Amino acid sequence: MCGIAGLVSGRPTDLSDVFAMTRVQAHRGPDGSGHAFFGPDGAGPFASDVPAAAPPAIVALGHRRLAIIDCTEGGHQPMPYADGRYWLTYNGEIYNYRELRDELRALGRHFSSASDSEVILAAYAEWGTECFRRFNGMWALAIWDRTERCLVLSRDRFGVKPLHLGVRDGVLAFASEIKGILAHWGGSPAANPVAIHDYLAHGALNTDDATFFQGITAFPPGCHAVLRPGQSLEVRPVPFWQLDPARELDLPFDEACARFAELFRSSVQLRMRSDVPVGACLSGGLDSSSIVCAMRQQEQQSSIHTFTARFPEPQFDESRWARMAAERARAQPHFSVPTEEGYLAELGDLVWHQDEPFSTASIYAQWLVMKQARETGIPVLLDGQGADEILGGYKKFYAFHILSLARRGRLVAAGREAASVALHGDRGYLRWREGLRYMPRFLQPKLGAASDWLGPAVAAAAGDSRVQLGAPGGLRQRQVADLRQYSVPSLLRYEDRNSMAWSIESRVPFLDYRLAEFVLALPLQHKLRQGRTKALMRTALRGLVPDEILDRRDKMGFVTPQSLWMRGALGERMQQSLAAAKPRLQEWLRVDELLAAWRSAGDRQRQTMEPMLFRAGVLAHWAEKFEVRAG
């Protein structure tokens, strides 16, 4: 796990900015750094740790290292292979590297280290870009082929690891974090009004390859691209993997449960491969509890550390469930306590590390979990991202299913499912505001609409928005939309930045592509059954996870007391931040009108307005922190 950076030019150029790009990402890799420069006609590498000594080059690769597998100098990057023909800078882990290394050795490939990085290079030397289909893991990487004079970029299937791109003045920059590219560009970056519109109007983030910064994009997940600097710097991603929403598996429920349990255990086992200690995030919900219990099943001897955010407010505290899971797994639990005062004190750091705005304060709980793991000396954590999306775990999925039955005229079936939800389903269905943004516009309370307060540049960008949260479609199509667009991309961004801020490698077993492909293709009734979501998982893991957790009906998700905080000091801070940043925000937001509406609103109206005011306040912090201009 690391931070990567690179610069590519069509002609020999001073590319020493790569040092600044890696320096600003030092938190991603505290265990070492490296840089390599390559001239035209295959010249190089010219290695240098002094910017002033960097020669003119057409390619510069930079790296910050977090040592997880092969912690010796054998894992140093940029890494050469095949007598220096291939050079790699890479962020992530290839979990099946041992199996691939054995296969490559049988084909005559040689290895001088025990790292998965060298396996990537050998696999590319053997199979070319077809190698990415063979990887089970998370990655963002660049490979420079000195002989062919081409640069290969690639990102894992779900985009667990970030890779950003930007071209300016004839130089392509790429980096793990956006701030890496900004370190090369300098000056005040321009905002992307479409991203701001989708964020303010819908709470939607990272829904496509665009970012909040004009001219900086995300390299798409599940793709690779080949660049030849002497010919073109245009990046043309080619998919090597895609989810297929049309694929269906007709398996009996019992057989599907057995296969799920097998794949889940395999995914957890692979993600426990490490030369440093591995722990887990633990909320006390089904997903994280299942991971912790599966970890103990795989590892009978070593201590397992779990990390949980607990709240002093009883209505938000789920620590008893986390303790129950930790006790079943014979794990050593650790608890951190997010408070309003702590959030306000760390808000600036949180905004800076996230690169882009965020929609809720819940990421602060995750921030503290990662921080405590680093302080405890556990540099790798397993986490449950992706489970709700592949298993239909969100409450909205059952609502969509019932509406779909009704639209098709199956009113009796729709009524039967609605009754099952009322009798057996998650009690959270009564918290209607959680689904406000999915309701038809005419049903949304007027004070829940952001359009009243959008500034001219952002309002004009509405026509370019591709966000359609309430669009009709089957459950599988909605799951794929969440995996590709509406849920997983932003959750993975939060996860990556929060973990790497504290030099923690976070791994997500539920997004093992084998598991995701299998579950997504199963019949709907295997996932939504008798009023319960995740029916497949609840049945498959019976006996592994405590029954009390499997049968819970009151899971809240990874929440914080944001609404309570917004009635106090946090709400005041957001108002102050908006007022202070008004000159910078005027093209995006009608600050005075928003603040006036908030101050005149009653308690019930403020409940509806609170998410909008929070987002606007975070946007103000982000704009000030990165000195963003309107355009």
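We did not get these values from a lab; they are worked out from the coordinates using the rules stated. Computed from a predicted structure; not experimentally measured. All Cβ positions, glycine included, derive from the backbone under ideal geometry; neighbour counts span all protein chains shown.
Laid out as a table, the results:
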read-out	value
Likely footprinting exposure, T306, T608, T533, fewest C-beta neighbours within 10 Å first	T608, T533, T306
Prolate/oblate/rounded label for the range 450-533 (Cα gyration tensor, a/c 1.5)	oblate
J(HN,Hα) series, the range 255-260, from Karplus relation 6.51 cos²θ - 1.76 cosθ + 1.60, nearest Hz, glycine and proline x	5, 5, 4, 5, 5, 4
For the chain, size of Cβ-based charge dipole, Lys and Arg +1, Asp and Glu -1, in debye	1720
Anchor K161: aspartates and glutamates whose Cα lies under 13 Å away (excluding residues fewer than 8 positions away in-chain)	E93, E177, E495, D496, E505
Cα-based reach from K582 at 14 Å (exclusive), listing aspartates and glutamates while leaving out same-chain residues under 8 positions away	D592, E593, E624, E627
Rounded if a/c under 1.5, otherwise prolate or oblate - the range 129-199, Cα gyration tensor axes	oblate
Rounded, prolate or oblate (a/c below 1.5 giving rounded, otherwise prolate when a/b exceeds b/c) for the range 255-335 by Cα gyration tensor	oblate
Using a Förster distance of 60 Å, the FRET efficiency for Q300-Q586 (Cβ separation, nearest 0.05)	0.45
Whole-angstrom gap from the range 232-256 to the range 311-374, using each part's C-alpha centre	33
Fewest-first ranking of I291, I58, using other Cβ atoms within 10 Å as the exposure measure	I58, I291
Residue-averaged [θ]222 nm for the chain, counting only DSSP H segments that reach four residues, each worth -39500 (n - 2.57)	-12000 deg cm²/dmol
Too-long pairs where the Cα-Cα distance tops 22 Å, listed order kept, from K395/K527; K371/K534; K396/K527; K179/K625; K395/K534	K371/K534
The chain - Rg over Rh from alpha carbon coordinates, Kirkwood radius	0.96
